[in-house]
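Below is one structure, written out as structure tokens, with a few remarks after it.
The values are calculated or read from the model by the stated rules, or taken from the named source; none is laboratory data. As the structure is a computational prediction, the values presented were derived from the model and not from experiment. We place every Cβ from the backbone using ideal geometry, glycine too, and count neighbours over all the protein chains shown. Side chains are part of the model used for accessible areas, which takes the heavy atoms of the whole protein and leaves out ligands, DNA and RNA. Shrake-Rupley method; radii C 1.70, N 1.55, O 1.52, S 1.80 Å.
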Amino acid sequence: MLAKRIIPCLDVKDGRTVKGVNFVDLRDAGDPVELAWNYSRQGADELVFLDITATHERRKTMVELVKSVARQINIPFTIGGGINEIADADALLNAGADKISINSAAVRNPAFIDELAKAFGVQFVVVAVDTKSIGDKNIVHLNGGRIPTEKETLDWILEAESRGAGEILLTSMNHDGTKNGFDNGLLKLVNDAVHIPVIASGGAGSVQHFVDVFEKTNVDATLAASVFHYGEILIPDLKEILRQNNIEVRTIAE
Amino acid sequence: MVANNQNILGHSETPPSRGGGVGIISYGAGNIFSLTAALERLGIAYGMIYNEEDFEQYDRYIIPGVGHAGAAMHKLEQTGLIPKIKSLTKPVLGICVGMQLLTSYSEEGDSKLLNLFPIRTLRFKDSPDYKVPHTGWNTIFPEKESPLFENIPSGSHFYFVHSYFIEYDTAYTLSSTNYNSQFSASIWRDNFYGVQFHPEKSGKYGETLLTNFSKI
């Protein structure tokens, strides 16, 4: 049976891991490769690196990071952040990335999804969507939730799927950083509407939140950062509780 | 393919001596950085194969492959290596699309393939409960005894990402996985092996499988 995936997310700036609490306060949490290696040993099923480096050297920095990860880690990983053109994606693929995640570049130029899927296959293209509620609507936001767009979240996700997204990473900005649980209502709505895997993100604070999101929404994977980085939730413990709740998870080799 | 070339230079200049060495068939279908990185971590010597003479240097071969099976087949045809590949008697391992190429046909691009296995590669049917691509860790169940799965318990998880699968066949399926229906997670005929999952991304068990292949 296909296992539900647990995905730690590492925010990386200038080659170092950082975690934003609501994307604003940054705290250094170590060397990304070492952290990644530790997570893979603990039983993480996949890793996501979000590069928030904002210099002209960024592509080079990202390629170096991806190569170091690919040399040492034996599980799949995704890299996101500032991927704006085919050449960025090509460089990351050749450095060993399994998938890339695009967010604002896709919102600004939706045809970029088609181009990436055509060039590299849908399995390589994760479309990350940051959503925030405005009134009774869920609206796609950019820049870590600061800038609202005109797109309604479900409409945009369906468009991304039809253009060639292979997976959706949905982050609820209302929940992100709160540790009050995932946005199960929206996640269920989205997961029922699409035919591609959905990764839930934003709001993980306790083991029960992971049980809830899998039971209530049937999403394929959950992504979290700080609860893992600061050891508040250990992946082996989390998987044991999921298993006790009859949620299929991967057992790792001794 | 800068990253690949760096590896190629590092290894093809010092071909492994007898008793070791995996030749990776180079035909431009997808990235192999993660595969070569895994072989390096495991201490398995490897090099790249570009032409017929290169085959002699190695004891076994890997056919990698990512992306579109029809496009991959077209690229493989352009290398002119197909008659040689079909005549190989040393162990050959196809990975993902590299495995699909060993079958007779793929629905992807309505493509005729190598036909080393007289079975077909089909697309997963759209279904609300089974998303496509089949993405993530799924359990594999060996159907036969094989050195490829030595020290890998039945029911172990491997990492899959694919929209097309090889049909289940009692003669050729070496291990099976269930996703919507039962399909071939791996196949075996004589010296030819194929795995649909990515051993280089499948944690410890994936590494065990690569090590097993290096000893067949």
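Here's the yes/no breakdown for (1) under 18 Å from B:Phe117 (Cβ atoms); (2) under 14 Å from the mean Cα position of the chain (by Cα); (3) open to solvent by less than 10 Å² (accessible area, probe 1.4 Å):
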site	(1), (2), (3)
B:His134	no, no, yes
B:Glu143	yes, no, no
B:Asn151	no, no, no
B:Phe160	no, yes, yes
B:Phe165	yes, yes, no
B:Tyr172	yes, no, no
B:Ser181	no, no, no
B:Trp188	yes, yes, no
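Take the stretch B:49-76 and flag every residue that is charged (D, E, K, R) and touching a residue at least 12 places away in the same chain (Cβ under 8 Å).
First, the residues of the stretch B:49-76 that are charged (D, E, K, R): B:52-54, B:56, B:59-60, B:75.
Passing the criteria: B:Glu52, B:Asp54, B:Asp59, B:Arg60, B:Lys75.
Determine the pairs where a residue that is within 13 Å of B:Ile216 (Cβ to Cβ), located within the stretch B:80-95, has a partner that is in a helix (DSSP H, G or I) with Cβ atoms under 6 Å apart, the partner being 6 or more residues away or on another chain.
Close Cβ pairs satisfying both conditions: B:Leu93/B:Phe213.
So, in the stretch A:95-125, of the ones that are within 11 Å of chain B (Cβ to nearest Cβ) and open to solvent by 20 Å² or more (accessible area, probe 1.4 Å), which residue ends up nearest to A:Lys60 (Cα to Cα)?
Applying the first criterion (within 11 Å of chain B (Cβ to nearest Cβ)) to the stretch A:95-125 yields A:95-99, A:117-125.
Add one more test, that the residue is open to solvent by 20 Å² or more (accessible area, probe 1.4 Å), and what stays is A:98, A:118-120, A:122-123.
Details: A:Asp98: 18, A:Lys118: 24, A:Ala119: 21, A:Phe120: 20, A:Val122: 25, A:Gln123: 24 Å.
Among those residues, the one meeting the criterion is A:Asp98.
Scan the stretch A:198-250 for residues that are touching a residue at least 40 places away in the same chain (Cβ under 8 Å) and closer than 19 Å to A:Tyr39 by Cβ and report the count.
The number of residues fulfilling the criteria is 22.
Could you check the stretch B:100-123 and list, in sequence order, the residues that are at pLDDT 95 or above, open to solvent by less than 70 Å² (accessible area, probe 1.4 Å) and of a type outside the set (Gly, Ala, Ser)?
Matches in the stretch B:100-123: B:Gln100, B:Leu101, B:Leu102, B:Thr103, B:Tyr105, B:Leu113, B:Leu114, B:Leu116, B:Phe117, B:Ile119, B:Thr121, B:Leu122.
Considering only the stretch B:104-216, give the strands (runs of 3 or more DSSP E) lying wholly within it that have at least 1 residues that are away from chain A (no Cβ under 14 Å).
On the way: elements: B:117-123, B:134-142, B:156-162, B:164-167, B:173-179, B:181-189, B:192-195.
Ranges flagged: B:117-123, B:134-142, B:164-167, B:173-179, B:181-189, B:192-195.
Yes/no per residue for (1) farther than 30 Å from B:Thr177 by Cα; (2) open to solvent by 10 Å² or more (accessible area, probe 1.4 Å); (3) part of a helix (DSSP H, G or I); (4) at pLDDT 95 or above:
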{"residue": "A:Ile6", "(1), (2), (3), (4)": "no, no, no, yes"}
{"residue": "A:Leu10", "(1), (2), (3), (4)": "yes, no, no, no"}
{"residue": "A:Leu26", "(1), (2), (3), (4)": "yes, yes, no, no"}
{"residue": "A:Gly30", "(1), (2), (3), (4)": "yes, yes, no, no"}
{"residue": "A:Val33", "(1), (2), (3), (4)": "yes, yes, yes, no"}
{"residue": "A:Arg41", "(1), (2), (3), (4)": "no, yes, yes, no"}
{"residue": "A:Leu50", "(1), (2), (3), (4)": "yes, yes, no, no"}
{"residue": "A:Ala54", "(1), (2), (3), (4)": "yes, yes, no, no"}
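Counting residues that are open to solvent by 50 Å² or more (accessible area, probe 1.4 Å) and within 28 Å of A:Asn74 (Cα to Cα), which helices (runs of 4 or more DSSP H) fully inside the stretch B:25-89 reach at least 2?
By residue number, B:33-41.
Scanning for something under 27 Å from A:Gly177 (Cα atoms) and in a loop (DSSP other than H, G, I, E, B), does the stretch A:114-130 turn up at least one residue? Give the derivation first.
Quick first cut of the stretch A:114-130, residues under 27 Å from A:Gly177 (Cα atoms) only: A:125-130.
Those still in the list that are in a loop (DSSP other than H, G, I, E, B) too: none.
No: zero hits.
Give all pairs with beta carbons closer than 6 Å in which a residue from the stretch B:106-131 that is under 20 Å from B:Ser87 (Cβ atoms) meets a residue that is part of a loop (DSSP other than H, G, I, E, B); count only pairs at least 6 apart in sequence or on separate chains.
These pairs meet every condition: B:Leu113/B:Leu101; B:Leu114/B:Leu101; B:Leu114/B:Leu102; B:Leu116/B:Leu102; B:Phe117/B:Leu102; B:Phe117/B:Tyr172.
Sort out which residues of the stretch B:201-216 are of a type in the set (Phe, Trp, Tyr) and under 15 Å from B:Leu35 (Cβ atoms), and write them in order of number. Outline the logic, then answer.
Step one: list which residues in the stretch B:201-216 are of a type in the set (Phe, Trp, Tyr), which gives B:205, B:213.
Correct list: B:Phe213 only.
Going by the structure shown, is A:Leu170 open to solvent by 10 Å² or more (accessible area, probe 1.4 Å), within 22 Å of B:His134 (Cβ to Cβ) and part of a strand (DSSP E or B)? Lay out the reasoning, then the answer.
Details: open to solvent by 10 Å² or more (accessible area, probe 1.4 Å): no; within 22 Å of B:His134 (Cβ to Cβ): yes; part of a strand (DSSP E or B): yes.
Against the criterion (open to solvent by 10 Å² or more (accessible area, probe 1.4 Å), within 22 Å of B:His134 (Cβ to Cβ) and part of a strand (DSSP E or B)), A:Leu170 does not qualify.
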